[in-house]
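Below: the structure, in structure tokens.
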Amino acid sequence: MKIGIMVMMDPIDKLESKLQAMVAEGFDNCQLQSWNPPSWTEENAAIVKGLFDKYNIEISAFWCGWEGVCIWNFYEGQETMGLVPPTYRYARMKNLLSGGKFAKMLGVTDIISHMGYIPENPFDPNFMGVVCALRGVAEQYQKDGQYLLFETGQETPTTLLRCIETIGTDNLGINLDTGNLIMYGKGSPADALVTFGKYVRNTHVKDGVPPTSSRTIGREVKLGEGRANWPVVMRDLVKDHGYDRYLTIEREIEGDQQIEDIRFARAYLEEIYNGLK
């Protein structure tokens with residue numbers, strides 16, 4: 001089991017200091033995240049790869065953001081998130097393809113993104129529109145020996161499974177975000193593993209509380225203070241699904257408290273994992 005963290009790539013002139021801090025905390029792997037497609041150039045790939053080689057840090061996955069308006073709620077989010085809105089679909093498909101090429105230059109096989117509020121109704125025209133767009137991305141990734149990973153959150157586990165099965169390529173996976181499932185009101189992470197556990201290739205270690213409004217998503221909290229139930233999630237990942245890949249700690253706050261919460265999360269995970277042996 002490899003415990004790592006999230007690292008934002010941009011701005012690139014700040015990346016080395018982030019890696020230095022990461023090494024000082026004892027981490028040797030991370031998901032590299034970027035929401036700036038213009039920065040995904042050959043020149044920057046050489047710089048980024050050089051820095052990761054210098055500090056002997058593994059990039060477990062490239063978290064590929066996309067351009068355009070993005071509103072993280074249950075209303076405007078339906079019209080702005082991921083590849084679901086037809087207005088943004090083609091541009092964001094191009095972003096995912098560009099991100100895949102950048103990841104390949106870094107030697108990274110797994111590319112993660114939010115796909116948006118994938119329709120639960122398989123007869124919704126937007127469902128097949130998203131499927132066709134993502135199939136095009138997945139087929140290109142397949143040619144490059146890469147995987148397309150869906151980050152959980154905005155869709156039910158059953159909807160996500162249906163989307164993966166309908167796309168039908170064998171290079172699809174899931175980035176399990178335990179906090180998102182709770183915060184978007186999509187259910188228990190442990191229950192979700194029963195539905196799609198075999199597809200999990202990376203994991204965001206995050207906790208949250210359910211929404212209390214029909215408009216606003218729930219709130220992220222320190223690991224162990226929400227409803228993610230990581231002792232059960234870890235047991236099910238390891239015992240039921242043989243998971244021995246990455247646990248990527250994600251704490252979406254800033255400052256000293258973020259560092260303290262990341263340290264706590266690592267110790268908490270190690271304690272749970274050691275208890276399973």
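Legend: helices of the chain (whole DSSP H runs) are marked when their alpha-carbon atoms reach 27 angstrom or more along the helix axis and their mean Kyte-Doolittle hydropathy is at least 1.0; nothing is marked.
Pairs exceeding 22 Å between alpha-carbon atoms, taken from Lys222/Lys277; Lys101/Lys186; Lys2/Lys54; Lys2/Lys198; Lys54/Lys143; Lys143/Lys206: Lys222/Lys277; Lys101/Lys186; Lys54/Lys143; Lys143/Lys206. Please give the FRET efficiency for Ile71 paired with Leu276, using the beta carbon to beta carbon distance and R0 = 41 Å, rounded to the nearest 0.05. With R0 = 41 Å, the Cβ-Cβ based efficiency is 0.55.
For the listed peptides 36-47, 169-180, a ranking on the average number of other beta carbons within 10 Å per residue, highest first, reads 169-180, 36-47.
Based on C-alpha pairs under 8 angstrom that are at least 6 apart in sequence, the range 77-175 has a relative contact order of 30 percent. When each of the peptides 181-191, 82-92 is scored by the mean number of other C-beta atoms lying within 10 Å of its residues, the order from highest to lowest reads 181-191, 82-92. The calculated FRET efficiency for the pair Asp170 and Ile253, based on their C-beta separation and a Förster distance of 45 Å, comes to about 0.75.
Between Met1 and Trp35, what FRET efficiency comes out of the Förster formula 1/(1 + (r/R0)^6) with R0 = 35 Å and r the beta carbon distance, rounded to 0.05? Efficiency, rounded to the nearest 0.05: 0.80.
Dipole check for the range 2-276: with +1 at the C-beta of Lys and Arg, -1 at the C-beta of Asp and Glu, and the Cα centre as origin, the magnitude is about 420 Debye. Cα-based radius of gyration for the range 2-276, normalised by 2.2 N^0.38 Å, reads 0.95.
Coordinate-derived values only; no laboratory data. What you see is a predicted model; the values in this text were computed from it and never measured. Backbone-built Cβ (ideal geometry, glycine too); neighbour counts: all protein chains shown.
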